[in-house]
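Each remark here refers to the structure printed beneath this line.
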């Protein structure tokens, strides 16, 4: 799940597996589709072992991997807390008024 909380935007992609190569392809597609014009992107994520710059080098050639890693500023955050906060906000928005 990719989200931009300040914009109120979220994008979800479901895959059969959760491998380094799957993550690299998903992130590349995401960057190319939604942030093609951005020079640098701050990516806040959990510390799952599939989410590392090495994943790009396993999935793509060195030039493409370098291009992608140079665009990213990686920050490690609590994915579980972010998801829980987003879920809570979503629940608060959909509750009917009194």
Any chance residue 13 is modelled with pLDDT under 80, assigned to a loop (DSSP other than H, G, I, E, B) and touching a strand residue (DSSP E or B) at 6+ places or on another chain (Cβ under 9 Å): no
Candidates 70, 37 - the one that is in a loop (DSSP other than H, G, I, E, B) and at pLDDT 80 or above: 37
Could you grab me the full set of residues in region 6-35 that are closer than 17 Å to residue 60 by Cβ and surrounded by fewer than 10 Cβ atoms within 10 Å (Cβ to Cβ)? 33
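The values are calculated or read from the model by the stated rules, or taken from the named source; none is laboratory data. Everything numeric in this text was worked out from a predicted model, so none of it was measured. Please note: Cβ atoms are built from the backbone with ideal geometry, for glycine as well, and neighbour counts cover all protein chains shown.
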